[in-house]
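Read the figures in this text as sums done on the coordinates, not as results from a lab. Remember, it's a predicted structure, so these values are computed and weren't measured experimentally. Reconstructed Cβ throughout: ideal geometry from the backbone, glycine too, with neighbour counts over all protein chains shown.
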DNA sequence: TGACAAAGTGAGTCTCGACTCATAATTTAC
DNA sequence: GTAAATTATGAGTCGAGACTCACTTTGTCA
């Protein structure tokens, strides 16, 4: 027997609303808020997602999958992914707190793989220097998103900080970092 | 009459312990934890800091002041400040959550002024391109700290991401950011 | 040393949020 | 249309943590 129609509808509605609520009010927003805004009883939320952590993980998984899909498009570029991500973080539409090690590993790995591909292509095109690895790129991506999210970066600030980081990715060498102890 | 000696001692002890506890376990650590580790009763903590937010604000204020002092040293450089901050964030020794608008404004402004000075000098020395402003530098600083804090960056990753960003600060132009819509 | 005010104590209150479960309402299968 | 199973409901439980306060202890000053 397939799942009941109302169950499917409610699950989708809860996920959609929860993503918005947690993005707006932070992961500390209560499950009751989510239930109220989704128009269901709190018990319904817990039937679909036995734990608040499960709900957050489901959202992260969806978000990462959507990002991976967008980044896997033929015309996608590394710079484009950075721009998109930072904009959506500043907008509080995605990228909740990274809850370490919670069922999201697989989705994260997939996204990472797509970024790795974009990086390779950018390097082949001479847009990014060869010495840079995926780890650094992912780290910078997360850092910029956290900054944009918590700092509420304006579009101008997003553009300017991104320009700096992207330039750093392409710059030939002479890192200032060597210049100090 | 000057304040009692034990009161002064306890206040200092609480601040010291609280900074460590919140850095290690996050701002969600309970006030009881702090009291226990400081060896005082919970009422004592609340006597000195009527609210948990007051305690966090006091810590942030101290931290920012210490940072400003270190960054104001004659031999300090912009690259050095970036390196120090990211290392201490990764180490969870400072930089708690930025609680928006809470008595920290003044301390933040002071730190920002010191960074502005370092930036001006770096630009005069030709180490950073002239088009960059303090806002971008502060934004990148916060972003990198958040990333290092939540991502638990290894020393290697700290060095590599920092090198990229610092290179971006000095790079002459040709931002990749223009290359997409 | 005595007296008093400042500071310390910690059990208790209060609020809030995660999670449960007995019961009611729906949906589906036939 | 009806039975049976699935799902929805929401008041209630439970625990945690911020904060209070009546009372005790301690430091200070004369």
**Asked** So how tilted is helix A:52-71 from the main axis of chain A? Cα-based, degrees 0 to 90, rounded to 10.
**Response** 50
**Prompt:** Which value in nm describes the separation of the simple spin-label points at residue A:156 and residue B:66, placed 7 Å from the Cα toward the beta carbon?
**Reply:** 3.5
**Item:** Alpha-carbon centroids, region A:9-79 and region B:1-55: separation in whole Å
**Value:** 37
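Would you mind putting A:107-117, B:24-34, A:14-24 in packing order, based on average other-beta-carbon counts within 10 Å, highest first?
Details: A:107-117: 16.7, B:24-34: 14.2, A:14-24: 19.5.
The peptides rank, most packed first, as A:14-24, A:107-117, B:24-34.
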**Asked** Counting partner chain Cβ atoms within 10 Å of every residue's Cβ in A:127-134, what's the average?
**Response** 2
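Take every residue in peptide A:79-87, count the Cβ atoms of other chains within 10 Å of its Cβ, and give the average of those counts.
On the way: counts 6, 5, 1, 3, 4, 1, 0, 1, 0.
Other-chain Cβ atoms within 10 Å of each residue's Cβ, averaged: 2.
So how do A:129-135, B:160-166, B:5-11 stack up, highest first, on mean other-Cβ count within 10 Å?
On the way: A:129-135: 14.4, B:160-166: 24.7, B:5-11: 12.7.
Sorting A:129-135, B:160-166, B:5-11 by mean packing, highest first, produces B:160-166, A:129-135, B:5-11.
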**Asked** Can you list, shortest first in nanometers, how far residue A:8 lies from the same residue in the other copies, with each label 7 Å from Cα toward Cβ?
**Response** 7.3
**Message:** Taking the square root of 5 times each eigenvalue of the Cα gyration tensor, what semi-axes in Å does the equivalent ellipsoid of chain A have, largest first?
**Reply:** 36, 18, 14
**Request:** Specify whether the C-alpha gyration tensor of the protein assembly as shown places it in the rounded, prolate or oblate class, a ≥ b ≥ c being the square roots of the eigenvalues: rounded for a/c under 1.5, otherwise prolate if a/b is larger than b/c and oblate if not.
**Result:** oblate
**Request:** Order the peptides B:38-48, B:76-86 from the highest to the lowest mean number of other Cβ atoms within 10 Å of their residues.
**Result:** B:76-86, B:38-48
**Request:** Round to the nearest 10 and give me the degree value, 0 to 90, for the angle of helix A:134-151's Cα axis relative to the longest principal axis of chain A.
**Result:** 60
**Message:** Ordered shortest first, which distances in nm separate the 7 Å Cα→C-beta label point of residue B:172 from those of the other copies?
**Reply:** 0.9
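Within 10 Å of each Cβ in A:55-65, how many Cβ atoms from other chains are there, averaged over the peptide?
On the way: counts 0, 0, 0, 0, 0, 0, 0, 0, 0, 0, 0.
Per residue, the average neighbour count from other chains is 0.
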**Complete:** To the nearest 10 degrees, the tilt of helix B:5-25 (Cα long axis) against the first principal axis of the alpha carbons of chain B is 50
**Binned Cα-Cα distances of region A:1-50, short to long, each 5 Å bin given as a whole percent** = 5, 23, 32, 24, 9, 5, 2, 1
